[in-house]
Structures are given as C-alpha cells and as structure tokens.
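The values are calculated or read from the model by the stated rules, or taken from the named source; none is laboratory data. Just so you know, these numbers come straight off a predicted model, no measurement behind them. We place every Cβ from the backbone using ideal geometry, glycine too, and count neighbours over all the protein chains shown. Just so you know, the surface numbers come from the protein's heavy atoms only, side chains and all, with ligands and any DNA or RNA stripped out. Shrake-Rupley method; radii C 1.70, N 1.55, O 1.52, S 1.80 Å.
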Amino acid sequence: MFFSKKDHYFMEIALNEAVVAFHKDEVPIGAAITFENIVIAKTHNLTETLNNTIAHAEILAIVLANKYFNKKYYIKKCTLYVTLEPCIMCAGALFWSQIGKVVCGANNSSKRGFSYYGIKLHPKTEFVSGIMKNECKSLIQKFFLKKRIKHKKLNQ
Ligand SMILES: [Zn+2]
C-alpha cells in the first residue's frame, strides 16, 4: 500500500499524541482529524485521566471536530488519523459521524479491532490501514512491557 507524504505527516501528529498518552500512563493511542489539510483536532486516549471508559482517542477527536465546526455535517469532509485500528465502539461512533476517511496505523491484533468482527464503517467512509504501523505498534508494545515490569516488581 502506498501512502502519501501528507498521510505520513498527519500520522506523525497522531503518533505524537500517542507519545503524550504514553507519558501520562495511558494506553498510547493518538488521533488527529484534518479538514482541507489542516489539523482541526488532535488528542489521545484519556480513559485513566478522565476516569471514563469511553474516552478513546477517536471518540474525543470526533467530539473536538464537531465542536470546531459547530455543525456535525462537516465531519463528512474530514480525515481521521489514528495510530491503532479502532475498537467496535469507535467504529460505531465513526459510522454515525460518516467521516470521509479513516487512516489507521497498526492493526489491532488482540481481537479488539473492529475488522475482526466483520464490522464495516459507513459505506461513504474510505478506510486505509498500515501507515507507520511499526512505530504505532512498538509504542503500544513498549507500554504493555512497562506495565508488566511494574506489575512484576509490585509482586516481588
Ligand atoms: Zn475505541
């Protein structure tokens, strides 16, 4: 799959958000939404910080984009960059948003990704996956490794 320089540039922004999440001890998933090549929303997973089980990066990014336009219709012309394949909850939110395009980094190999369940995004939503997948995935792996080491130390 070929990805443009533009896609790399915006995925880099989403990945930077994931790094911010990593340093907050959140599962490091980042997202950015663009409209006409401008970033209008960038955020990351905040389930721990907000003590909110649904505060996934994609959900927060959709909320920010809707607020930015003050008309939810405009999100149809936007692109979401997200470092990990969305879960089924976020796929549902993306379906309802009818976002124009979703570009995702790493596949979700833990059966938490929407594609495992044969779920489709909105028919009008273009979906591509695999951009900077190694960088996106290694950050998540690093996070869970750190968690395991911490857990082990606590139980020694
Ligand atoms: Zn999600």
Checklist entry - Among the residues of the range 69-120, how many are within 17 Å of V39 (Cβ to Cβ) and of a type in the set (A, V, I, L, M)? => result 6
Checklist entry - When both residues are 6+ apart or on different chains and their Cβ atoms are under 9 Å apart, which pairs have a first residue that lies in the range 18-38 and is modelled with pLDDT of 95 or more, and a second that is part of a strand (DSSP E or B) and of a type in the set (F, W, Y)? => result G30/Y81; A31/Y81; A32/Y81; I33/Y81; T34/Y81
Next on the checklist: Being at pLDDT 95 or above, of a type outside the set (D, E) and within 16 Å of the chain's Cα centre (by Cα) narrows it down to one residue among T43, T49; which is it?
Outcome noted: T43
Item to check | Qualifying positions in the range 22-42 - within 16 Å of the ligand (Cβ to nearest atom) and in a strand (DSSP E or B) | outcome: G30, A31, A32, I33, A41
Item to check | Total residues in the range 1-30, condition closer than 26 Å to K150 by Cβ, open to solvent by 30 Å² or more (accessible area, probe 1.4 Å) and not β-branched (V, I, T) | outcome: 4
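Among the residues of the range 53-88, which ones are aromatic (F, W, Y) and under 12 Å from the mean Cα position of the chain (by Cα)?
Once the filter is applied, which keeps residues that are aromatic (F, W, Y) and under 12 Å from the mean Cα position of the chain (by Cα), the range 53-88 yields only Y81.
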Next on the checklist: Looking at I149, I140 in this structure, which one is β-branched (V, I, T) and in contact (Cβ under 8 Å) with a residue 12 or more places away in the chain?
Outcome noted: I140
